[in-house]
Amino acid sequence: MFDAEINRALTAAVDLLNTAEGQHSAKPIPDDLTSIEALKKFVAARDSSLGWTASGADRDEVDRVRDLRRSVAAIWTAEEGEAPVEKLNSLLEGVGTKVVPTSEGSGDESAYRAVPIPVSSKPADVMTASIANALQFLVVQGETGRMRTCKGADCDAAIVDLTRNRSKLFCDFGNCANRAHVRAYRARQAALRESAKRGGSEAAAKKSAAAGEAAAEEKSGRSKPSSAEKAAELEEPTSVSSVAAKEFRDRMRDDLMEKRDKKDKKSKKKGKKKSKK
Ligand SMILES: [Zn+2]
């Protein structure tokens, strides 16, 4: 995306950041820069064109590289729009610039390029000059948005987006992109199921409501005669048995009314007695 020197330095900066303790693609990662040996191994594994060196690496250099890693992390994870100028300027302190002929790259690149001059040839200073120069380039170009953290779940790997269309979202440590796609697919499926379920229950609710209405109609209509209908049938019995039943009911009712009357008279007397007290 940018010139080869910047691209290399940004890639190496990401590599440095990713030596820190964290999670890469849901896998816990221990700090990988805790000893002189580890620093030597880290530098040896980088692009030799960077000119990074581990010669003369001691415990002090390890600590200085760890400090550099911390500063770069603070710059890398700064909120977008908030250019971490102070931190960057402190990294750039003492770093010079020289112009050298371009020895590589495509024909449309300039014949010369600017390269940083480190404060000293010590490992931490060389790395600092290289990374600080690349970061100042991003800040000056308004491209700090390319300093990213992997979007994968359970992943805090640093990534740098060097694509033309700013499309890099995931690290290359594991299967972050694939996991994210699977998650997105499942989320879509769940959303579809949920909406189908909601639609289905609405339909079911409508259906049961309709059934309830029908049942109510049935109750008030055919199967359940109204009280007026019942009374009419009782007063005008049609079958032999119901005639007999009516006669029986009438007799019982008369008996009952009789008893009630007697009772009423008794209770009235009692009531009078009570009220006298
Ligand atoms: Zn990731």
Handout entry: Where MET1, MET127 fall by accessible area, highest first, once all protein chains stay in place (1.4 Å)
Key = MET1, MET127
Exercise for the section: Assuming R0 = 22 Å, can you tell me the calculated FRET efficiency for the pair MET1 and ALA114, based on Cβ-Cβ distance, to the nearest 0.05? Expected result: 0.80
Completion exercise
A correct Kirkwood calculation over the Cα atoms of segment 148-204 returns a hydrodynamic radius in Å of 13.4
Fill in the blank from the handout: Note: ASN175 to GLN141 extended length (0.36 nm per residue) minus current alpha-carbon separation gives 9.1 nm
Exercise for the section: Could you tell me which of the pairs LYS40/LYS122; LYS87/LYS151; LYS27/LYS151 are separated by over 21 angstrom between their Cα atoms in the structure shown? Expected result: LYS87/LYS151
Problem - Net lengthening on full extension, ASN89/ALA74 (0.36 nm per residue, minus Cα-Cα) - result: 4.1 nm
Exercise for the section: For segment 7-87, with all protein chains present and a 1.4 Å probe, just round the carbon and sulfur fraction of the accessible area to a whole percent. Expected result: 47
Completion exercise
Put VAL62, VAL140, VAL119 in order of accessible area, largest first, probe 1.4 Å, and you get VAL140, VAL119, VAL62
Completion exercise
For segment 35-135, shape from the Cα gyration tensor axes a ≥ b ≥ c, cut at a/c of 1.5 then a/b versus b/c, turns out oblate
Exercise for the section: Subtract the Cα-Cα distance of ILE36 and LEU192 from 0.36 nm times their separation in residues, and report this length gain in nm to one decimal. Expected result: 50.7 nm
Exercise for the section: Please compute P(r) over all alpha-carbon pairs of segment 4-173, binned at 10 Å starting from zero, and give each bin as a whole-number percent. Expected result: 10, 38, 38, 13, 1
Handout entry: Convex hull projection area averaged over all views, segment 107-182, Cα basis, nm²
Key = 7.5
Exercise for the section: Could you tell me which trypsin sites (Lys or Arg not before Pro) in segment 118-164 are loop residues by DSSP with no more than 15 other beta carbons within 10 angstrom of their beta carbon? Expected result: LYS151, ARG164
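The values are calculated or read from the model by the stated rules, or taken from the named source; none is laboratory data. Just so we're clear, the structure is a prediction, and the values are computed from it rather than from any experiment. Here Cβ is always computed from backbone atoms with ideal geometry, including for glycine, and neighbour counts include all displayed protein chains. Heads up: the accessible areas ignore ligands, DNA and RNA and are worked out on the full protein's heavy atoms, side chains in. Shrake-Rupley method; radii C 1.70, N 1.55, O 1.52, S 1.80 Å.
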